[in-house]
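Just below is one structure, and these are the notes that go with it.
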Amino acid sequence: MATQAAERPAQTPLETGTPEAVVVRFAGDSGDGMQLTGGQFTLSTALAGNDLATFPDFPAEIRAPQGTLFGVSAFQINFGSTQIETAGDAPDVLVAMNPAALKVNLAALKPGGLIIADTGEFNKRNLEKAKYETNPLEDGSLAKWDLLAFDISALTIEAVKPFGLGNKDALRSKNMWTLGLALWMFDRDRQPIVDWLKGKFKGKPEIADANIAALNAGHAYGETAELSGPLKKLTIAPVESEPGLYRTITGAEAVSLGLVAGAQLAELPMFFGGYPITPASAILHYLARMKEFGVTTFQAEDEIAAVCAAIGASYAGQLGVTSSSGPGIALKGEAMGLAIMTELPLVIVNSQRGGPSTGLPTKTEQSDLYQAVYGRNGDAPMPVIASRSPADAFEVAIEACRIAVQYMTPVMLLTDGYIANAAEPWKVPDPASYTPFPAKFLEEKNAKDADGTERLLPYKRDEKGARPWIKPGTPGLMHRIGGIEKHVDTGNIDYSPANHQAMTDARKAKIDNIVVPDQDVALGDTTGRLAVVGWGSTFGPIHQAVRRARKNGLSVSHVHVRHVWPLPQNLGELLSGFDQVLVPEMNTGQFKTVLRDQLFIDAKSLTKTSGQPFSIAELEAAIGKFFNGTPNDEGGEVLPNAGQLPEPDSGYDDGSRKRPKGVN
Amino acid sequence: MNDMTPIQTTLKDWESDQEVRWCPGCGDYAILKAVQRTLPQIGADPKNTVFVSGIGCSSRFPYYMETYGFHTIHGRAPAFATGIKLANPDLDVWMVTGDGDGLSIGGNHLMHLLRRNVNLQVMLFNNEIYGLTKGQYSPTSRIGTTTPSTPMGSVDRPANPCAFALGSGARFVARGFDVSKNLPDVLIAAHRHQGAAFIEIFQNCIVYNKDVFNDFAAPKGAEDRQLWLTDGEPMLYAGGTKGIKLDLDTLSLQVVDVVDGDWQSAGVIVHNVKNRAIAHMLVELPFGPFPMALGVLYDDPRPTFESAVIEQNAKASEGREANLAKLLAKGQTWTVAPSAADPV
Ligand code: SF4
């Protein structure tokens, strides 16, 4: 054991008494079980009543070569006694299971933060693989931080010795040893983890026991280390939350549950067509286990077949759903056009990832907005809604089902890699509190000829502009539909100019007139100097940055848009109450374009495409730039995307920053 | 295919009010009539019948049937049909595709439909050409086919639809041609089969690929080059003067002469629709030295995809309550109690 006292700032983050929030990052080799460790630590955090947000960050390779820099897998959690909206910017504690994990994650660590490192893995071979010339644990290069370095590997082997495992198997419990230490550090109950281990290794009690022994040993070690080093026990008070039943939830789970709930509210069986793709597959996995809710899952031969089968199921009277990520959504484009043309309900979930092409399969981005809104051949309008957080994905999935069924249209639901994988506490909703929107099927002919003969008009629209849903099997309502332009009423093939004009208009009007709730302000006043307008998973960092800016007296508000297409009716008017509009997004400015186009406002862009979520600091700095020269303005630099920052003063030709009256 | 109460209908009941828009003289007309003639015979119910198609001349078929119809997108009809059958297995689904739609752009989907064994009928109209796009060569065009896209003749080897189907795992493979009087019998057999029934129908595109099947499918005079297969019957053709024998030395089929109807001594084999090995030989028989093998080449049902899915869905739901509130609250939960300050 080599605990080493190091030079550090006057006060480290962990020494500020009882911190409001702490950010811990577990990093190791992809084989080290860091995601599992993080997941269980999350659970224990939630059970302790802290609010939290997590950010799993793992490599695209399933089994990247051991010890390499690109094989590092990390899990970050931000938890505290106040509202937590992001996974946190810089960690206070970094657990590094090998040299590569240290190297990849060190830059993010706060000065004075704590490094916990396993010296057992800092051997010559691993140091070389991580491209370290000397051992950073020994060469003084970590002086900026607190370092707690000891041989976790050896301690784990020692702890599990009584169970007769070989060294290789014994070392698999290293993550539980580490988790035990972390549980001690934050004064957590071990029992839920013990229960979980017993359940997980039901058939192999000796493995369960070994892991429990490792967990306990790690925990016991905390006491020892406290006496001799920088480690200390911290207690973080539970967050004040609304009373009720809570659980943690990831975005992928929330989408799945929301879809099931949506189908139930529509009183329809659900058909889910999917094809394996990162990071969307988890939805297929969850739904495959919910068959008792009338869910049929179909793993198709490709993305196209997945969406086509879902449309086929919708045609036959179920709620068709498909899901994918950017490249797969591109493949589904033509079929979405058919669903638009045949006006059948369909929900398409896009868990966005970095693109174009294969891009960054395991990293997050919001760059499929254009694809969602504009990305089909022909005039093919389709509603698009976006979830802002893992828990919010539940509500948004229900909303997607509602729009699809009530308006007979495909709907795209945007989430992203961050939302899909991240977890947060969720107040379990009461399904009875949602208003059902039962699907209606046409049972008899819906029109009369001049001579009184009853007639079926498959494209006769209701007050919402939706055509009737007609299940094959219904007596007397046989009819044909397809992708060729159809007559406005009969649905028979009709290429005539006036008819195509009328049908194009009708399809557009139907989507334009979808009733979406009015846009509210997530934080701040309804008028002011600056509106920061976000959509999707940027909610957390924007919210925190706006909160901090407002604390500093800046006139800034946070507006977060769920209904990306069509936009809420009042959005233009709301934003016209602000001098400036800033749109941070993890793409090159796609929503900004939509806002400029639809609302004719001078929205400025703050973009980031590094595959990582925005940090609060970046956003604070960007907000500050709009307040240069005003009291309490913190200002600041945004390094990662400095070149992409808008210049607030470059606004209008007359040099004013005010929006001309009457323009919105 | 589905055990449903037979419905009394006539050919007229199956004609939609839409004007048929194929080229005059197109083989599609004959197939349409054959289907409309077949459906009353099998007691099919228009309201339960769905025609699903992709894109191409053949895929216009659903518009002309007074049934439910879904004209989908190029090549993807198998996927739509799969979704329809999984959502409502009681529907009687006929899929209509062509050589381009089914074997080129949609080859992948067709393969998976057949291997999964979705309970429906697939009619692949093979005219060895792209008609709707004005006459380019197709994946079944013979080498040397001269078209606007192959002015010097095509050079790639054609696909064999029945061999493709059998190789994909189809449990029913049959062949017919547009003007054949036997086509309804083939369709009836396909409909009776539980599972994916694949029927290749040679179809004359009189505009872009006229009469390419005349050697065996001419309305008259080509009968001697047709080997109509019937389960349990000897493989005889040319008015019983020729037959097919299995040569045991080379394990291949051979043409033999049959004298005075004595096919036994000529070694002619009896067709067994369940013999998959012979089926592989039949689909590959080179036309010319051999007659064209027609009728039901192979028919050996296996449990269908949708029955397996339904069974699994039922099993998964057994003893499990579909309680959404419980589902939402699954896993480890914790309760935040109202604090003293909160109003009770
Ligand atoms: S192009 Fe050929 S296949 Fe198409 S309708 Fe005309 S004749 Fe028939």
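Scanning for something over 20 Å from A:GLY38 (Cβ atoms) and touching a residue at least 40 places away in the same chain (Cβ under 8 Å), does the stretch A:184-206 turn up at least one residue?
Yes: the stretch A:184-206 contains one or more residues that are over 20 Å from A:GLY38 (Cβ atoms) and touching a residue at least 40 places away in the same chain (Cβ under 8 Å).
Which of the residues belonging to the stretch A:411-441 are within 14 Å of another protein chain (Cβ to nearest Cβ) and under 28 Å from A:LEU338 (Cα atoms)?
A:PRO436, A:ALA439, A:PHE441
Filter the stretch A:457-483 down to the residues that are without any contact (Cβ under 8 Å) to a residue 40 or more places away in the chain and of a type in the set (A, V, I, L, M, F, W, C), then identify the one that is farthest from the other protein chains (Cβ to nearest Cβ).
A:LEU457
Answer yes or no: is there a residue in the stretch B:122-145 that is surrounded by fewer than 24 Cβ atoms within 10 Å (Cβ to Cβ), among the small types (Gly, Ala, Ser) and at positive phi.
Yes: one or more hits.
Run A:ILE207 past the list (1) closer than 19 Å to A:PHE41 by Cβ; (2) not in a loop (DSSP other than H, G, I, E, B) and report the number of the one that doesn't hold.
Failed condition: (1).
Would you point out the residue of the stretch A:43-74, among those that are within 14 Å of another protein chain (Cβ to nearest Cβ) and within 21 Å of the chain's Cα centre (by Cα), that is farthest from A:ALA423 (Cα to Cα)?
Top of the filtered list is A:ASN50.
One line per residue, one yes/no per condition, for (1) more than 9 Å from chain A (Cβ to nearest Cβ); (2) surrounded by fewer than 16 Cβ atoms within 10 Å (Cβ to Cβ):
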{"site": "B:MET281", "(1), (2)": "yes, no"}
{"site": "B:PRO289", "(1), (2)": "yes, yes"}
{"site": "B:ASN313", "(1), (2)": "no, no"}
{"site": "B:GLU321", "(1), (2)": "no, yes"}
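Does the stretch A:556-564 contain at least one residue that is modelled with pLDDT of 95 or more, assigned to a loop (DSSP other than H, G, I, E, B) and under 22 Å from the mean Cα position of the chain (by Cα)?
Among the residues of the stretch A:556-564, at least one is modelled with pLDDT of 95 or more, assigned to a loop (DSSP other than H, G, I, E, B) and under 22 Å from the mean Cα position of the chain (by Cα), which makes the answer yes.
What's the total number of residues in the stretch B:199-212 that are within 16 Å of the ligand (Cβ to nearest atom), touching a strand residue (DSSP E or B) at 6+ places or on another chain (Cβ under 6 Å) and not hydroxyl-bearing (Ser, Thr, Tyr)?
Residues flagged as within 16 Å of the ligand (Cβ to nearest atom), touching a strand residue (DSSP E or B) at 6+ places or on another chain (Cβ under 6 Å) and not hydroxyl-bearing (Ser, Thr, Tyr) within the stretch B:199-212 amount to 6.
Being in contact (Cβ under 8 Å) with a residue 12 or more places away in the chain, more than 16 Å from the ligand (Cβ to nearest atom) and either buried (at least 18 other Cβ atoms within 10 Å of the Cβ) or closer than 15 Å to B:GLY98 by Cβ (or both) narrows it down to one residue among B:ALA217, B:ALA196; which is it?
Exactly one residue qualifies, and that residue is B:ALA196.
Considering only strands (runs of 3 or more DSSP E) fully contained in the stretch A:375-435, which possess at least 3 residues that are surrounded by 24 or more Cβ atoms within 10 Å (Cβ to Cβ) and touching a His at 6+ places or on another chain (Cβ under 6 Å)?
In the stretch A:375-435, there are no strands (runs of 3 or more DSSP E) which contain 3 or more residues that are surrounded by 24 or more Cβ atoms within 10 Å (Cβ to Cβ) and touching a His at 6+ places or on another chain (Cβ under 6 Å).
Evaluate the stretch B:128-144: report whether one residue or more is farther than 18 Å from B:ASP101 by Cβ, away from chain A (no Cβ under 14 Å), part of a loop (DSSP other than H, G, I, E, B) and within 16 Å of the ligand (Cβ to nearest atom).
Within the stretch B:128-144, none of the residues are farther than 18 Å from B:ASP101 by Cβ, away from chain A (no Cβ under 14 Å), part of a loop (DSSP other than H, G, I, E, B) and within 16 Å of the ligand (Cβ to nearest atom).
Within the stretch B:164-179, does at least one residue satisfy the condition of being within 16 Å of the ligand (Cβ to nearest atom) and out of contact with any strand residue (DSSP E or B) (no Cβ under 6 Å at 6 or more places or on another chain)?
The answer is yes, given that some residue of the stretch B:164-179 is within 16 Å of the ligand (Cβ to nearest atom) and out of contact with any strand residue (DSSP E or B) (no Cβ under 6 Å at 6 or more places or on another chain).
Across the stretch B:55-89, which residue is surrounded by the most Cβ atoms within 10 Å (Cβ to Cβ) among those that are at the interface with chain A (Cβ under 7 Å from one of its Cβ atoms) and touching a residue at least 60 places away in the same chain (Cβ under 8 Å)?
Of everything passing the filter in the stretch B:55-89, B:THR82 is surrounded by the most Cβ atoms within 10 Å (Cβ to Cβ).
Report the residue count in the stretch B:18-47 for those that are away from the ligand (no atom under 16 Å from the Cβ), without any contact (Cβ under 8 Å) to a residue 40 or more places away in the chain, of a type in the set (D, E, K, R) and in a loop (DSSP other than H, G, I, E, B).
The qualifying residues number 0.
Of the numbered conditions (1) touching a residue at least 24 places away in the same chain (Cβ under 8 Å); (2) assigned by TED's automatic domain parsing to the domain that holds B:PRO286; (3) out of contact with any helix residue (DSSP H, G or I) (no Cβ under 7 Å at 6 or more places or on another chain), B:VAL255 fails exactly one; give the number of that condition.
(2)
Scanning for something outside any loop (DSSP other than H, G, I, E, B) and closer than 27 Å to A:GLY540 by Cβ, does the stretch A:121-135 turn up at least one residue?
no
What are the residues in the stretch A:466-481 that are among the hydrophobic types (A, V, I, L, M, F, W, C), in a loop (DSSP other than H, G, I, E, B) and buried (at least 20 other Cβ atoms within 10 Å of the Cβ), if any?
Scanning the stretch A:466-481 gives A:ILE470, A:LEU477, A:MET478.
Quick one: how many residues across the stretch A:565-596 are part of a loop (DSSP other than H, G, I, E, B) and either surrounded by fewer than 24 Cβ atoms within 10 Å (Cβ to Cβ) or touching a Pro at 6+ places or on another chain (Cβ under 6 Å) (or both)?
Matching residues across the stretch A:565-596 total 10.
Does B:GLY106 fit the bill of being in contact (Cβ under 8 Å) with a residue 40 or more places away in the chain and within 16 Å of the ligand (Cβ to nearest atom)?
So B:GLY106 does not fit the description; no.
Listed here are the residues, each with its yes/no results for (1) farther than 15 Å from B:ILE244 by Cα; (2) modelled with pLDDT under 95; (3) assigned by TED's automatic domain parsing to the domain that holds B:ARG116.
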| position | (1), (2), (3) |
| --- | --- |
| B:SER265 | no, no, no |
| B:HIS280 | no, no, yes |
| B:GLY288 | no, no, yes |
| B:MET292 | no, no, yes |
| B:ASP299 | yes, no, yes |
| B:GLU311 | yes, no, no |
| B:GLY331 | yes, yes, no |
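Test of understanding: among A:ARG467, A:ARG507, A:ARG480, A:ARG550, which residue is among the basic types (Lys, Arg) and under 30 Å from the mean Cα position of the chain (by Cα)?
A:ARG550
If you go through the stretch A:337-374, how many residues are surrounded by fewer than 24 Cβ atoms within 10 Å (Cβ to Cβ) and at positive phi?
2
Give the residue, chosen from A:GLU242, A:GLU253, that is at the interface with chain B (Cβ under 10 Å from one of its Cβ atoms), under 18 Å from B:ALA329 (Cβ atoms) and at pLDDT below 95.
One residue alone meets the criteria, A:GLU242.
Please go through the stretch B:192-237 and pick out each residue that is of a type in the set (Ser, Thr, Tyr) and either part of a strand (DSSP E or B) or at pLDDT below 95 (or both).
B:TYR237
Would you mind listing the helices (runs of 4 or more DSSP H) fully within the stretch A:301-345 where at least 3 residues are over 26 Å from the mean Cα position of the chain (by Cα) and either over 17 Å from A:ILE283 (Cα atoms) or facing chain B (nearest Cβ under 8 Å) (or both)?
Once the helices (runs of 4 or more DSSP H) in the stretch A:301-345 are filtered for at least 3 residues that are over 26 Å from the mean Cα position of the chain (by Cα) and either over 17 Å from A:ILE283 (Cα atoms) or facing chain B (nearest Cβ under 8 Å) (or both), what remains is A:303-315, A:333-342.
The values are calculated or read from the model by the stated rules, or taken from the named source; none is laboratory data. As the structure is a prediction and not an experimental result, all values here were calculated from the model. Reconstructed Cβ throughout: ideal geometry from the backbone, glycine too, with neighbour counts over all protein chains shown.
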